[in-house]
Amino acid sequence: MRASQFFIATQKEAPSDAELISHKLMVRAGLIKKLGSGLYSWMPLGLRVLRKVENIVRDEMNKAGALELLMPAVQPKELWEETGRWAVFGPQMLKIRDRHERDFCFGPTHEEVITDIARKEISSYKQLPLNFYQIQTKFRDEIRPRFGVMRAREFLMKDAYSFHTSADCLVNTYNTMHTAYSNVFTRLGLKFRAVRADSGAIGGDGSQEFHVLADSGEDALAYCEQSEYAANVEMAEAIATGSRAAATETMHEVDTPKQTSCEDVAKLLEIPVSKTVKSVALMVDDVFTLALLRGDHQLNEIKFGKIEGVQNFRLATEEEIRGNLGCPPGFIGPVGVSGQVRVIADKTVALMSDFVCGANKPKFHLASVNFGRDLAEPSVVADIRNVVEGDASPDGKGTLSLCRGIEVGHIFQLGTKYSEAMQATYLDENGQSQVMQMGCYGIGVSRIVGAAIEQGNDDKGIIFPRNMAPFDVVICPIGLDKSEAVKQAAEDIYRQLQQAGVDVLLDDRVERPGVMFAESDLMGIPHRLVIGDRGLAEGKVEYKGRTDAEAQNLQATDCVTFLR
Ligand code: ATP
Ligand code: MG
Ligand code: MG
Ligand code: MG
């Protein structure tokens with residue numbers, strides 16, 4: 001590519017809404033342009049990066065035996081009613097209505113659509129297993145779109161869905177996908193970690209997330225150096241209880257800093273709060289319910305203001321709260337609450353950090369955990385706590401370390417959650433009808449670009465791993481308009497590199513060297529060749545790697561071999 005024919009649109013200023021370095025640099029380097037909240041155009045330079053990520057993902061999916069297809073972004077309401085998710089997915093789902101007054105959503109995920117395909121197209125065990133994937137645009141109406149493409153509303157996801165005759169077969173494919181994901185992130189040159197995770201709105205039994213490690217990551221991860229144990233802290237805290245927490249998707253987040261007081265929470269919810277108030281529990285059915293518990297165990301009717309995105313409150317009974325929390329009488333007892341408030345879909349639950357259960361244990365941390373099953377004793381819950389560095393690892397094999405991560409991939413063993421609800425069945429060897437086992441596997445393709453930049457940057461700009469850089473090499477000729485020798489050498493090397501399959505940018509704009517260098521550094525191009533008369537007189541060109549402290553001289557004739 002010749003810079004004179006390309007669109008380079010770097011800018012000096014970062015946008016004022018950009019909090020993270022990756023967001024600032026993506027805009028400054030001209031990779032993306034904002035259209036509206038959580039909506040971004042990928043400019044030619046950025047699209048080159050996105051496509052490189054996409055192609056590596058595609059390649060690894062193909063190698064793992066998955067089959068690419070492409071499903072519609074717009075999905076009919078009726079499908080989502082079959083699984084019950086039309087009602088519970090919550091305000092993240094963008095609902096739309098056509099001219100015939102029919103309801104649709106812009107797909108936030110595709111379990112329903114693919115299960116519909118499977119039930120219609122798969123009839124015999126002989127056709128299974130199958131693993132389909134697509135790389136496709138999703139829309140989720142995130143409550144607070146931020147961090148540029150990392151938490152956008154419209155974003156590119158690779159989502160795969162597998163179908164099986166048995167749970168063993170599902171586990172096989174799940175493991176294959178685990179390996180494929182590791183290959184993807186290794187090839188992309190990212191530091192990453194796979195951790196046990198909650199299953200979110202997608203549901204199912206087992207799931208793992210892949211995180212790009214970065215201090216700015218939204219998730220806290222706990223891992224054990226002495227063993228394989230690694231978990232999202234949300235999950236670590238849930239499984240510390242011995243309960244299999246299946247936390248469900250956040251339908252509404254009230255963004256408060258952690259460790260706020262009970263009074264703060266009440267203020268945030270615009271509810272009157274007296275000193276005796278000890279707990280706020282938000283419940284979700286179809287209808288959201290807000291209940292306030294007092295220290296004296298009594299449920300207190302309260303008036304409350306409107307929480308954005310949450311309507312139709314109804315007061316829950318204490319029974320309901322206990323039932324939905326799966327806790328025995330007494331558990332909700334004198335409960336002091338503070339911290340993050342989250343409303344969660346599916347059965348229920350709330351919230352929050354730092355509450356006191358009974359008189360015995362002062363410090364629990366229960367964050368977005370939905371107990372699907374009974375908690376036999378209140379004391380079981382006593383193990384839920386703030387995980388801190390040095391805590392014993394739940395597998396008993398060592399101690400926990402903490403780090404932060406950006407979720408770039410998530411794999412799930414769904415089991416029969418969708419196939420049962422939608423009657424995706426096949427005939428087995430004996431002609432018996434059986435429900436299919438399912439898995440699903442997501443990668444945030446567009447989020448990866450931002451995550452990579454969180455990991456790779458310096459004061460000059462982006463440091464892309466070579467496999468995702470918009471160009472492998474930039475050629476900066478000095479005095480192109482004045483020296484025939486420079487022009488000739490630049491053109492020769494440009495052609496040779498192209499022939500060798502190197503993705504090369506020839507900066508033929510006749511800019512000052514300082515401008516060329518600053519721009520290619522900002523854009524994160526990993527290799528730079530500078531061609532000038534002085535070097536050429538000795539048959540040399542100057543080479544500098546993006547992170548090298550010093551440039552070095554190369555024989556002009558060696559550059560292609562060097563850079564291949
Ligand atoms: P998060 O916890 O960050 O909200 P999620 O758990 O809701 O993500 P999944 O349903 O697991 O997301 O979707 C699969 C992948 O899609 C995620 O691992 C993530 O990489 C990506 N993704 C999810 N939401 C967004 C978003 N708003 N913008 C960009 N990528 C996203
Ligand atoms: Mg989400
Ligand atoms: Mg998540
Ligand atoms: Mg997830």
Selection over segment 533-561 where residues are part of a helix (DSSP H, G or I) and surrounded by 13 or more Cβ atoms within 10 Å (Cβ to Cβ) yields a count of 8
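Condition check ((1) charged (D, E, K, R); (2) assigned to a loop (DSSP other than H, G, I, E, B)) across all residues:
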{"site": "ILE96", "(1), (2)": "no, no"}
{"site": "ARG99", "(1), (2)": "yes, yes"}
{"site": "PHE104", "(1), (2)": "no, no"}
{"site": "THR109", "(1), (2)": "no, yes"}
{"site": "THR115", "(1), (2)": "no, no"}
{"site": "GLN134", "(1), (2)": "no, no"}
From the options SER22, SER41, SER4, SER16, residue that is surrounded by fewer than 13 Cβ atoms within 10 Å (Cβ to Cβ), among the hydroxyl-bearing types (Ser, Thr, Tyr) and in contact (Cβ under 8 Å) with a residue 24 or more places away in the chain: SER4
Which numbered condition VAL184 misses (of (1) touching a residue at least 40 places away in the same chain (Cβ under 8 Å); (2) under 16 Å from the mean Cα position of the chain (by Cα); (3) not in a helix (DSSP H, G or I)): (3)
Failed condition for ALA197, given (1) under 30 Å from GLN423 (Cβ atoms); (2) within 16 Å of ligand 3 (Cβ to nearest atom); (3) touching a Lys or Arg at 6+ places or on another chain (Cβ under 9 Å): (3)
Could you look through segment 127-148, keep only residues that are out of contact with any Leu (no Cβ under 9 Å at 6 or more places or on another chain) and within 23 Å of TYR174 (Cα to Cα), and pick out the one that is surrounded by the most Cβ atoms within 10 Å (Cβ to Cβ)? LEU128
Among the residues in segment 85-106, are any free of Cβ contacts under 8 Å to residues at least 24 places away in the same chain and surrounded by 16 or more Cβ atoms within 10 Å (Cβ to Cβ)? yes
Which of the strands (runs of 3 or more DSSP E) contained wholly in segment 434-521 include at least 3 residues that are over 21 Å from ASP548 (Cβ atoms) and in contact with a helix residue (DSSP H, G or I) (Cβ under 8 Å, 6 or more places away or on another chain)? 437-444
TYR418 being surrounded by 23 or more Cβ atoms within 10 Å (Cβ to Cβ) and more than 20 Å from THR186 (Cβ to Cβ): yes
Given (1) farther than 18 Å from LEU39 by Cα; (2) surrounded by fewer than 18 Cβ atoms within 10 Å (Cβ to Cβ); (3) within 16 Å of ligand 2 (Cβ to nearest atom), identify the lone condition not met by ALA197. (2)
If only one of THR399, THR416, THR425 is more than 16 Å from ligand 1 (Cβ to nearest atom), in contact with a strand residue (DSSP E or B) (Cβ under 8 Å, 6 or more places away or on another chain) and modelled with pLDDT of 95 or more, which one is it? THR425
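This table checks each residue for (1) among the polar types (S, T, N, Q); (2) touching a His at 6+ places or on another chain (Cβ under 9 Å); (3) under 18 Å from ASN62 (Cβ atoms).
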position: ASP168; (1), (2), (3): no, no, no
position: THR186; (1), (2), (3): yes, no, yes
position: GLY189; (1), (2), (3): no, no, no
position: ALA197; (1), (2), (3): no, yes, no
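The values are calculated or read from the model by the stated rules, or taken from the named source; none is laboratory data. Predicted, not measured: the structure shown is a model, and the values here were computed from it. When we count neighbours, we look across all protein chains shown, and the Cβ atoms used for this are built from the backbone with ideal geometry, even at glycine.
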